[in-house]
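The values are calculated or read from the model by the stated rules, or taken from the named source; none is laboratory data. Remember, predicted model here, so these are calculated numbers, not experimental data. Positions of Cβ are generated from backbone atoms using ideal geometry, with glycine treated the same way; all protein chains shown enter the neighbour counts.
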Amino acid sequence: MTSREKRSRSPTHVPEKWEPVFRKGHASRALSTDDHAIWEGVTRSIKPLRRRVAGKVLPAVSEPKSNSERTPPKPRPMPAAQPMPVRQSPQPTSLDRRTRQKLARGAQPIDARIDLHGLTQAEAHHALARFLRNAQNDGARFVLVITGKGDPRVDPFAGERGVLRRQVPLWLKLPELRPFVVGFEEAHVGHGGGGALYVQLRRARSST
């Protein structure tokens, strides 16, 4: 007879510890010594669950901010304003033949005139710009600009006047004077001939 058979025939041993009993689908029986040994080994390998610490405060979960508390987005920078293009006045043109004839005969009145005799180039340029601006503001349509012919035999200022005779037509075409001038033409001999210019003025722009 084997030791296992002897143990099975021996009186039932009731251990001091709790013995699990298999009830579902099996006949109820007490654990053997080997079963106890296996069971104790299993129970030693099991780690007890950590106990929950009473009174432990969990970190508060922040609630989402409302729309009023949210940081408003930074406004996008506005594109730099582009400068308005400056409207350039057109280049002055020559006066038509009919207008020249009317000015020569006096049928078209000359509203104002300026004589640049005896002035330097700087003085003449400043005086011409001021004259044209004032004449335009006064509503003048045609003016006479006298430069002198520059004849050294009869005029002690011929050198400077000869320069003005060449320069004044160039000045009238400059951007700073074009807003005043529609066109110009050499004057009739009765008004100075090659030493003077008929100048037609633009109408002053309305401020409204």
Open item on the list: Residues that are of a type outside the set (D, E, K, R), loosely packed, with under 14 Cβ neighbours inside 10 Å, part of a strand (DSSP E or B) and modelled with pLDDT under 95: does region 92-99 have at least one?
Closed with: yes
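Might you let me know whether region 133-147 holds any residue that is hydroxyl-bearing (Ser, Thr, Tyr) and at pLDDT 95 or above? Show your work before the answer.
The initial filter retains those residues of region 133-147 that are hydroxyl-bearing (Ser, Thr, Tyr), namely 147.
Filter once more, keeping what is at pLDDT 95 or above: none.
No, that holds for no residue.
Out of Arg153, Arg203, Arg130, Arg166, report the one residue that is assigned to a helix (DSSP H, G or I) and either at pLDDT below 95 or touching a Pro at 6+ places or on another chain (Cβ under 7 Å) (or both). Spell out the reasoning first.
Working: Arg153 fails: assigned to a helix (DSSP H, G or I); Arg203 fails: assigned to a helix (DSSP H, G or I); Arg130 fails: either at pLDDT below 95 or touching a Pro at 6+ places or on another chain (Cβ under 7 Å) (or both).
Testing whether each residue is assigned to a helix (DSSP H, G or I) and either at pLDDT below 95 or touching a Pro at 6+ places or on another chain (Cβ under 7 Å) (or both) leaves just Arg166.
Being at pLDDT 90 or above, closer than 26 Å to Arg178 by Cα and surrounded by 10 or more Cβ atoms within 10 Å (Cβ to Cβ), is that true of even one residue in region 72-90? Walk me through how you get there before you give the answer.
In the first step, residues of region 72-90 are kept if they are at pLDDT 90 or above; the result is none.
Within region 72-90 (the criterion being at pLDDT 90 or above, closer than 26 Å to Arg178 by Cα and surrounded by 10 or more Cβ atoms within 10 Å (Cβ to Cβ)), the answer is no, since none of the residues qualifies.
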Open item on the list: For the structure I just gave you, tell me whether Gly194 is within 17 Å of Ser94 (Cβ to Cβ), modelled with pLDDT under 95 and not polar (S, T, N, Q).
Closed with: yes
Open item on the list: Just to be sure I understand the filter: pairs with C-beta atoms under 8 Å, separated by 6 or more residues or on different chains, first member in region 189-203 and on the phi > 0 side of the Ramachandran plot, second member of a type outside the set (Ser, Thr, Tyr) and in a strand (DSSP E or B). Which pairs pass?
Closed with: Gly192/Leu144; Gly192/Ile146; Gly193/Glu186
